[in-house]
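Here the structure is laid out as structure tokens; the discussion comes afterwards.
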Number of protein chains: 2
Amino acid sequence: MPAKSPTGAFARAQAKGEEALRTAMLDIAAGLLAAEGPAALSMRRLATAADCSTTVLYRLFGAKDGIAAALYREGFARLRRRLDAVPRGGDPAAYLAALGRAYRANALEEPHFYRVMHGEAIPGFVPDEESRAAAAASLDVLREAARAAVEAGLLRADADVDEITDTLWAAAHGVISLELGGHFPGGLGEERFRVLTRAAVEAFVP
Amino acid sequence: MPAKSPTGAFARAQAKGEEALRTAMLDIAAGLLAAEGPAALSMRRLATAADCSTTVLYRLFGAKDGIAAALYREGFARLRRRLDAVPRGGDPAAYLAALGRAYRANALEEPHFYRVMHGEAIPGFVPDEESRAAAAASLDVLREAARAAVEAGLLRADADVDEITDTLWAAAHGVISLELGGHFPGGLGEERFRVLTRAAVEAFVP
DNA sequence: TATTGTTGAGTAACGCTGTTATTCAACGAG
DNA sequence: CTCGTTGAATAACAGCGTTACTCAACAATA
């Protein structure tokens, strides 16, 4: 095998145009993040992993913030896919509970991603408006589930759907954030998670 | 004034022994954190602000983690003082609401501290068991308020006090964390905060 | 075909970070 | 007076984000 043959992920994706290159680079970054945590997300480390120089990264993402933003959006996109994949059975209450479990599972299976999605991990990063809108849109299916539950008479008819949605999101995120922060010694478990989040649902039961 | 005269905060505290020195250094760190954010918390910056070398910091705190741990505990100590200062009027429900407002006010007035307290801000820092125990103890007054509310018959008698406490904490923290993350465009306001956290209380009302 | 202009990547540097080995000054004990 | 200890400063190491400079490869033009 000739030494000059391009074998890196960078060279392989380079032939397919800039967009493919960006995607490939983001894949590498996501892999690095999931495997080794946010500390491994340095420009040099990333360039080495992709077999290229840091210049390429700056052309593709502008700066490190660009990579952080891409990972932020990727994290919420994964969450969205995860939530969308939850089967909506006939029972709206069971569906809401399943969404909660899926949300938590997504967070715990890739905690580094969850931390990036909530401002931790990458020091100076603040998502722009568009990214935050995309993040909020990841919860569309939750909002729909809340609406369905109201219309099915399972939740109070006079309750605001947005209020329900935000309450549920905050409750789930709050518990998971404290769990990741180590504030529940010995972990939490699905049952305890259900207990600590059920108030957010039950308060809206007529 | 002779140039050799010790005028820095370091020199001033040095005369009072090691513990005073540590306290003074922590004060400087807390000021730097509150004023300029976690990015300003570098060993060199801190040493410069205290008019000493970085060596002193390593003797006092071991490593940067030591400073992070100290700020973590300081943040929760401030929270505790804040919550303890809330006047407990006769009405347990109003007291619980006031505790919630105080918790949020504390977080929003010094958001950098709140971020340090919840793992953000200082990349690699993970609090040890003792620090986390102290953090949990900051909420003792909330636990007491929950117990009082149960005993007053305001909350369900069969409800577990720890369950109520954790539910309230997670609800408040979840809303505030999302608020700091920019997920409520245009901010939140006390009224909206009350709305989004009231489910955590109302679910326990008999 | 020869020349020019453009695009894109690599190198090396700047100033910053956390950390520590080395050096040196001050002080108390013998 | 000398010795040992304590504690602070200096300077160095590797790594960080970022970018100015350099050069090679290719397209367009004369």
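Every number here is computed from the coordinates shown, using simple stated rules; none is lab data. What you see is a predicted model, and the numbers here were worked out from it, not measured in a lab. So basically every Cβ, Gly included, is an ideal-geometry build from the backbone, and we count neighbours across all protein chains shown.
State whether region B:110-206 is rounded, prolate or oblate according to the following rule on the C-alpha gyration tensor (a ≥ b ≥ c being the square roots of its eigenvalues): a/c under 1.5 gives rounded; otherwise a/b larger than b/c gives prolate, and the remaining case gives oblate.
Judged from the Cα gyration tensor, region B:110-206 comes out oblate (a/c at least 1.5, b/c at or above a/b).
What shape does the protein assembly as shown take by its C-alpha gyration tensor, where a ≥ b ≥ c are the square roots of the eigenvalues and a/c under 1.5 counts as rounded, a/b above b/c as prolate, and the rest as oblate?
oblate
Nearest 500 deg cm²/dmol is fine: what mean residue ellipticity at 222 nm does chain A get from its DSSP H runs of n ≥ 4 alone, each adding -39,500 (n - 2.57), divided by its residue count? Don't jump to the answer; show the numbers that get you there.
Details: 11 runs with 142 residues, N = 206.
-22000 deg cm²/dmol, from helical runs alone.
At B:A9, label 7 Å along Cα→Cβ: distances to the other copies, nm, ascending?
Nearest first, the other copies' label points are 4.4 nm away.
Distances from B:R59 to the same residue in each other copy, label points 7 Å out along Cα→Cβ, in nm, shortest first?
List, nearest first: 5.2 nm.
Give the order of B:D158, A:D140, A:D166 when sorted by the count of other beta carbons within 10 angstrom, beginning with the fewest. Spell out each step's value before the answer.
Values: B:D158 8, A:D140 13, A:D166 26.
Placing the least packed residue first, the sequence is B:D158, A:D140, A:D166.
For each of A:Y103, A:Y114, count neighbouring Cβ atoms within 10 Å of the residue's Cβ, then give the residues from fewest to most.
Details: A:Y103 25, A:Y114 22.
With the fewest neighbours first, A:Y103, A:Y114 line up as A:Y114, A:Y103.
Given a Förster distance of 60 angstrom, what is the FRET efficiency for A:R44 paired with B:R192, based on the Cβ-Cβ distance and rounded to 0.05? Walk me through the numbers on the way to the answer.
Values: r = 44 Å, r/R0 = 0.73.
So, using R0 = 60 Å, E works out to roughly 0.85.
Could you give the dipole magnitude of chain B about its Cα centre, charging the beta-carbon of Lys and Arg +1 and that of Asp and Glu -1, in debye to the nearest 20? List each step's numbers first, then the result.
On the way: 24 positive and 27 negative charges, 170 e Å.
Dipole size: approximately 820 debye.
Just want the ordering: B:E18, A:E163, from fewest to most Cβ atoms lying within 10 Å of their own Cβ. Intermediate results must be reported in sequence, preceding the final value.
On the way: B:E18 11, A:E163 16.
The fewest-first ordering by Cβ neighbours comes to B:E18, A:E163.
If each label sits 7 angstrom from Cα along the C-beta direction, how far apart, in nm, is A:G90 from its counterparts in the other copies?
5.3
Using a simple charge model, +1 on the beta-carbon of Lys and Arg, -1 on the beta-carbon of Asp and Glu, nothing else, what dipole does region B:8-62 show about its Cα centre, in debye to the nearest 20?
Around 100 debye, computed over region B:8-62.
Please give the charge dipole size of the protein assembly as shown, origin at the Cα centre, charges +1 on K and R Cβ atoms and -1 on D and E Cβ atoms. Round to the nearest 20 debye.
Details: 48 positive and 54 negative charges, 277 e Å.
Dipole size: approximately 1340 debye.
Nearest to the axis that maps chain B onto chain A: list the chain B residue whose Cβ wins, with the distance in whole angstrom.
B:G174, 1
Towards the positive end of the charge dipole of chain B, with charges on Cβ (+1 Lys, Arg; -1 Asp, Glu), say which of B:G90, B:L188, B:I122 has the farthest Cα.
So the residue we want is B:I122.
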